[in-house]
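The values are calculated or read from the model by the stated rules, or taken from the named source; none is laboratory data. Quantities reported herein were computed from a predicted structural model and do not represent experimental measurements. Every residue, glycine as well, gets a Cβ built from its backbone with ideal geometry; the counts of neighbours run over all protein chains shown. Remember, those area values only see protein heavy atoms, side chains included, never the ligands or the DNA or RNA. Shrake-Rupley method; radii C 1.70, N 1.55, O 1.52, S 1.80 Å.
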Amino acid sequence: MNPTGTGYLSEYPAGTADPGQPLVAFYAGANQGSGLTASSVGPTGQQTITNHSQGTVDVAVTVRGFFLAPIAPVGPTGVTVTVSGSSATVSWTPPAIDGGAPITGYTVTASPDNATVAVSGTTTQAAFNGLANAAADSFFVTASNAAGTSESAGWSPANVISGTVLSPAGQPVSGATVDIYTADVPGAVTAPGLPVPESTDWTSAAIGTATTDASGIWTYTVPPYSALPADAQAAADDNGGYLNMDASVIATATAADGTAYNVGADAFRSAFVGSSTQPSGPVAVDSPAGAIPSMTVTPDQADLSAEDTTAAEQSAPTNSLNPNLMDASGNFIGDQANANASAPTDAYGYQNIAGSVANDGYNPYIAADGTDLSQAPVSGTKPCPPPCDPTICGDVFRRVSHAWYKAYSYTTIGEYHIYWDGTGDFSYTQGATSEVGVDVSANAQFFKFDFYIKYHENQGSESGVSGVPAADARHVAISLKYYEVKARWAWVTPSGTVEKVCKTRWFIQEGGLYNPGNGWAYIRWDGKSILYQDGQNGFNKDPNSYRYMNKYGSYGFLCTDRGRGQTYGIAATIGGVGIQAETDHSSDTQQCDYWGGGKRTDPITHKKNSHWHYAWGSNEPAGNSPKIFYNW
């Protein structure tokens, strides 16, 4: 060190106050070149060393390890709300990942009351008082650290859908109008057996609107069946009382040169609203995992649909991951493990329906003229005035859609696991429901998972897969039609002429059951075994097997009858797009095992002549109706 004066050195994160505490003290003329006290790096990665002496000091700094700048945390989870009169108590679970810096605080927002409560980073509860709409409010929680703020986690009443509209830079978009439309391809377009090759234009029924608040949050109370327009009632009737909806927003992004661009986003949601045979039941919004969608706006882009050829789709990497893929002779060639995987995407989360996936160089924030809007500010103003005075011309703003049949695809909706001396089944009878993902594109080639719509099984003649023998485990799939829907939001004349298009998007979405008849197996088990997840091999490799294990005696049985099933990241593929799906457990949809009366050496206790059968759940004890349960 070779100090020329007596004193000490202090060290502290740059930009903060000097603590005045010695990291190392020294005397004038002393040589203390080794053995100095080490310190950790502050959250900015920059440190300040201050010399508290009248002389000079030679300092050599050695850095061990590496530094990563903190990022915003992931969102909180497990939001719950208790309402009492005009008061509400909101609780949540802290983020699983803090972004590399401590959580400094949480902000909780009530909407539409537009009330906000801020609490410290060590608190996981907030209280609201004096709310005018407490029973109807939705509540949203964000976490903050030194680097930024997380996305919202939320809770809504049973009949409310909601979302958050964000700019490409992640800033909330306030004052934007969100239009709610029916999302299903009409029954007249999707024939019950063989699908028609192409549809004519149809106008999606407008259900209602919502407006984003200062945090970019919107909420909408879904009306009951009796208050819906006729087209929406027909859609609910065709889907067992479930109404699939597209929440659409159009806003204005301003480029660096002042040019305004139309930008937009969509969020698909589903709710049980009733039907003509049961019109008065309560409305219940469907809420799969990740129930509060973030809607990051993107610009319209050049139409690349011409590049989406059949040959390109068949050669797309994701297509080869289809767990239900068969060769020309009807033999399974897909890998069953892929159903549980996440579809490979590029850095922005997109899949290329007609080619490679990870290195396409695609940027969803580049407008059709090449302008980069990734950092552009966005206002909620709808940038699309009508081409004429609506009071004179009668123009109306509508979602006009057109559908192309893409393909049928067997879609994984569950699985069964049988081991030792049991039998089992996976039922999927009339009344069963699954959530099937919708993927959205601004150019007809690059698609991103948006959210789910609901498929309702209205066939009653088959019961899924039954009588499965021992030592067998496979996925179960149903054959669904898939369509590519081109939706345009436009001003339309009373005669149906499209005068001015404000936004264009393409969607890949299911269009109902594919069942051409003639003995077609529209529910089947898939041909490749997944028994490796069971028995000793599966038990030893599953870190939750002991934690979630139950045992059952001779002639016992176990069925899942409630809660969500497994989420399949590649339940099906359409070209290069992997389709997500998950299924509701109910009396209509169950994984069941029925055990025999055999005896064996107990695989857990090693006692002879044991009649015990062991089962463990994927996410909770086997007896608590987990997503899946396994056997030994």
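How large is Rg over Rh for region 361-432, taking Rg from the Cα atoms and Rh as the Kirkwood inverse mean of 1/r across Cα pairs? Before the final figure, lay out each step's value.
Working: Rg = 25.4 Å, Rh = 20.0 Å.
Over the Cα atoms of region 361-432, Rg/Rh equals 1.27.
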- What accessible area per residue comes out for region 536-627, rounded to a whole number of Å², with a 1.4 Å probe? 45
- Item | Shape call, region 47-89: gyration tensor on alpha carbons, a/c limit 1.5 | oblate
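Using 1/(1 + (r/R0)^6) with R0 = 45 angstrom and r between the beta carbons of Thr497 and Asn619, what's the FRET efficiency to the nearest 0.05? Walk me through the numbers before you get to the answer.
Values: r = 53 Å, r/R0 = 1.17.
Step by step, r from the Cβ atoms, then E = 0.30.
Using the Kirkwood formula over every pair of different C-alpha atoms, what hydrodynamic radius in Å results for region 126-258?
Working: mean 1/r = 0.0568 Å⁻¹.
The Cα-based Kirkwood calculation yields 17.6 Å.
Using only helices, what value at 222 nm comes out for the chain when you add -39,500 (n - 2.57) per DSSP H run of length 4 or more and divide by the total residues, to the nearest 500 deg cm²/dmol? Provide the component values of the computation, followed by the final result.
Details: 4 runs with 26 residues, N = 632.
One gets -1000 deg cm²/dmol as the mean residue ellipticity at 222 nm.
Please report, to one decimal in angstroms, the Kirkwood hydrodynamic radius of region 395-472 built from all distinct Cα-Cα pairs.
Working: mean 1/r = 0.0613 Å⁻¹.
So the Kirkwood estimate lands at 16.3 Å.
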- Message: What distance in nm separates the two pseudo spin-label positions at Ser374 and Asn609, each 7 Å out from Cα along the beta-carbon direction?
- Response: 7.2
- Query: Can you give the Rg and Dmax of region 277-380 based on its C-alpha atoms, in angstrom?
  - Reply: 19.3, 55
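Quick one: net charge of Ile453's neighbours, Cβ under 11 Å, K/R +1, D/E -1?
Values: positive: Arg269, Lys454; negative: Asp184, Asp246, Asp286, Glu435, Asp450, Glu510.
Result for the local shell: -4.
Roughly how compact is region 68-182, stated as its Cα Rg over 2.2 N^0.38 Å to two decimals?
On the way: Rg = 14.6 Å, N = 115, 2.2 N^0.38 = 13.4 Å.
Cα-based Rg divided by the globular estimate yields 1.09.
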- Task: Express in nm, to one decimal, how much length is gained between Ile333 and Ala230 on full extension, taking 0.36 nm for each residue of separation and deducting their alpha carbon distance.
- Result: 32.6 nm
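Among the listed pairs Lys541/Lys607; Lys448/Lys503; Lys406/Lys454; Lys448/Lys528; Lys551/Lys627; Lys454/Lys627, which have their C-alpha atoms separated by more than 21 angstrom in this model? Don't skip to the answer; put the middle values down first.
Working: Lys541/Lys607 23 Å; Lys448/Lys503 17 Å; Lys406/Lys454 19 Å; Lys448/Lys528 28 Å; Lys551/Lys627 18 Å; Lys454/Lys627 18 Å.
Those over the limit are Lys541/Lys607; Lys448/Lys528.
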- Under 22 Å Cα to Cα from Lys500, which lysines show up? Leave out anything in the same chain fewer than 8 places away. Lys382, Lys486
- Query: Roughly how many Å² is the accessible area per residue of region 350-398, as a whole number, for a 1.4 Å probe?
  - Reply: 49
- Query: For region 399-482, which whole-number percentage of the solvent-accessible area (1.4 Å probe, protein heavy atoms only) is attributable to carbon and sulfur atoms?
  - Reply: 47
- Item | Per-peptide average of other Cβ atoms within 10 Å, ordering 95-104, 572-581, 397-406 highest first | 572-581, 397-406, 95-104
- Query: Tell me, what is the FRET efficiency for Thr221 and Tyr546 to the nearest 0.05, using R0 = 51 angstrom and their Cβ-Cβ distance as r?
  - Reply: 0.65
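When the chain is fully extended, how far beyond the present Cα-Cα distance does Glu307 get from Ala146, taking 0.36 nm per residue of separation? Can you show the working numbers first?
Values: separation 161, 0.36 × 161 = 57.96 nm, distance 4.45 nm.
Once the chain is fully extended between Glu307 and Ala146, it gains 53.5 nm.
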- Query: Between region 79-100 and region 580-632, what's the alpha-carbon centroid distance in Å?
  - Reply: 34
- Surrounding net charge for Gly437, when Lys and Arg each add one and Asp and Glu each subtract one, Cβ distance under 12 Å: -3
- Calculated from backbone phi, Karplus (6.51, -1.76, 1.60) coupling profile of region 625-631 in Hz, x at Gly/Pro: 6, x, 4, 8, 10, 10, 10
- Task: Report, as a whole number in µm² per second, the diffusion coefficient that Stokes-Einstein gives for the chain at 25 °C and 0.890 mPa s using the Kirkwood radius over alpha carbon pairs.
- Result: 89
- Item | Paramagnetic reach from Ala347 in region 158-182 [backbone N under 17 Å; point 7 Å along Cα→Cβ] | 168-170
- At Gln536 and Thr259, where each label point lies 7 Å from the Cα along Cα→Cβ, what is the point-to-point distance in nanometres? 6.8
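Considering only protein heavy atoms and a probe of 1.4 Å, how much of the accessible area of region 64-151 is carbon and sulfur, as a whole percent?
Roughly 54 percent of what the probe reaches on region 64-151 is carbon or sulfur.
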- Note on the structure: Net charge near Ala343 (other residues with Cβ under 14 Å of its Cβ; Lys, Arg +1; Asp, Glu -1) is -3
- Take the solvent-accessible surface of the protein heavy atoms, probe 1.4 Å, and return the percent of it on region 250-394 that carbon and sulfur atoms account for. 52
- When all alpha-carbon pairs of region 438-583 are counted, what percent fall beyond 24 Å? 53
- Query: In whole Hz, what ³J(HN,Hα) sequence does region 341-356 give by Karplus (6.51, -1.76, 1.60; θ = phi - 60°), x for Gly and Pro?
  - Reply: 7, 8, 5, x, 10, 7, 5, 9, x, 9, 10, 9, 5, 10, x, 5
